[in-house]
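This report concerns only the one structure given below.
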Amino acid sequence: SKDYTGEEQKRAAKEQPGSEYDEERHIKPYFLTAENGPRVVQYYSPWSGHCQNFKSKYIALAKEINHRTPGDKPEVTFHAVSCSVYHWVCLQNNVNGFPTVVAFKAGSTVPLPLKDKGLTAESIAKTLGVHLNAHGGRHSSDYDIGDYQTIDILGASLDGLTRTREAVYNDAALSFTHALKTGIFSKQSYGQSASLDLEEREVFSDWIDLLYWALPPTWILHTLINDIRNNIDSVMFSEENLLFMVEKHQDVVNGGNLRWSDQCGKGDDRAGYSCGFWSLLHIISIGVTERHRAVLGARDQVSTKFVAQTVRNYIENFFDCEQCREYFVDMYDTCGFNHCKRFKQPEKQLPSPESWGEFAIWLWEVHNDVNVKLVGAGLKRKGHTHNLDHKLSLAAWPPTSECKRCRDVNGKWDKAAVLSHLKKEYWPRGVQNFRFIVLKRKDNSKEQSSSFLSDLLENLFFLFFSATIVIWCSKRQYVTFTGRHKKRDHDYV
């Protein structure tokens, strides 16, 4: 069994993901060849929160299986491949999400998928076709896996650590560029066309447009976002084009900082990606309240409903944590936290000022729910169930020590105070350059066909009106030149 070390994190920070395979994409790790016994391989992302949670279980399963393997039988070997370092290996093996766990029978190169959820020693043995001794009352959870800490993805809850605004923006920018390099083309199979399909193109374009208008105008990240928007067809055509674009701007937008803050990563760079991504979402959510008046053109793309749908579609298509994707998409598609009613804004009149803050509050509620679930699972795993409700209440952000006005005397959240605190944490202070943004309307064939008749009538009316004006002006000019108006005036005297 291979444990995770910090060395591959250093390599991933210093090198472009997979750059060591750019010239030798045909290379295979030895354990993926046929000259091996039964084995299990996990493809993972060091920055995925779910992979970090699964780490302890994977190590414990490896120890249990090899403890229970009969002495006269070959050992079942366990391996882990970091897709942030060995990018092309993961592409060649069609890895679409993290973690991806597969089994190989002895002498075989055919991967047999294993579900990481509910995975047991017995299910692995059955897939591999190997026999295990009786567990003797011990299960994988009983095997020592060393010190293990749950992830506090909200950024600063249980330990009271707080980040400066500069750190928040650095973490968000780093997660954005990391996602561009590892998540956008992750579904593309090796050897097939690398271009995004039509649905992925629309989702990615909507995501970039959202960042373009919702993020603070003074943020240096706009240099990369603007370049992507201006070359959107090129970056969606191939992964190489997108990587070139990111590498061109990375030193500027990340300021040479290739590690997430200690408060975000909790001393472990692998935890930083999720934390930084949540920071980016919160910055966007406050940007919706602050920047919606600055958008001209396609105003329908500024509504809270469209913004939430854009985030949902991006996570479904490009976020590399499978468990995170499933939770968020299922929650959203079932109107989680009542968003189906909360995001209804009138189309033919100005929405109320309060309605623009609903997305920020909704996202905060979703994030708190995820954080409490993760903390609760970690406490139960460690057996720290005493006074559990109180401990979980501490996981909800912001704590009273940071925002006394965010809860009333009964402990109920004051959403107006929470929104104000979110703005304080995630939006730059002082006067911001308002900077109007123009968004083009979508070229949707269905919408065009449904509105064809109204557009035709509108155009015909415009032509008729223009022709009438031209004829009237021509007649006036003719009368002026010929003097016939004088004769007509005389006739009426």
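The values are calculated or read from the model by the stated rules, or taken from the named source; none is laboratory data. Owing to the predicted nature of the structure, the values given are computational and were not obtained by experimental measurement. Every residue, glycine among them, receives a Cβ derived from its backbone with ideal geometry; neighbour counts consider all protein chains shown. Keep in mind that these areas ignore ligands, DNA and RNA; they rest on the heavy atoms of the full protein, side chains included. Shrake-Rupley method; radii C 1.70, N 1.55, O 1.52, S 1.80 Å.
Scanning region 346-368 for residues that are within 25 Å of G49 (Cβ to Cβ) and either touching a Leu at 6+ places or on another chain (Cβ under 8 Å) or open to solvent by 40 Å² or more (accessible area, probe 1.4 Å) (or both) yields a count of 6. Filter region 399-412 down to the residues that are within 22 Å of V370 (Cβ to Cβ), modelled with pLDDT under 90 and surrounded by 10 or more Cβ atoms within 10 Å (Cβ to Cβ) and list them by number. Within region 399-412, P399, T400, E402, C403 qualify. For region 317-332, a tally of residues being open to solvent by less than 90 Å² (accessible area, probe 1.4 Å) and out of contact with any helix residue (DSSP H, G or I) (no Cβ under 9 Å at 6 or more places or on another chain) returns 0. Could we say that L154 is touching a helix residue (DSSP H, G or I) at 6+ places or on another chain (Cβ under 9 Å), buried (at least 19 other Cβ atoms within 10 Å of the Cβ) and at pLDDT 85 or above here? No; evaluated as a whole, the condition is false for this residue.
Pairing each residue of region 333-345 that is open to solvent by 50 Å² or more (accessible area, probe 1.4 Å) with any residue that is part of a helix (DSSP H, G or I), provided the two are 6+ apart or on different chains, yields C-beta distances under 6 Å for F337/W362; F337/E365. Among the residues of region 201-218, are any loosely packed, with under 15 Cβ neighbours inside 10 Å and part of a loop (DSSP other than H, G, I, E, B)? Yes, region 201-218 contains a residue that is loosely packed, with under 15 Cβ neighbours inside 10 Å and part of a loop (DSSP other than H, G, I, E, B). Residue count for region 273-307 under the criterion of being touching a helix residue (DSSP H, G or I) at 6+ places or on another chain (Cβ under 6 Å), at pLDDT 90 or above and of a type in the set (G, A, S): the result is 4. Here L132 meets each of (1) within 36 Å of the chain's Cα centre (by Cα); (2) open to solvent by less than 50 Å² (accessible area, probe 1.4 Å) with one exception, condition (1).
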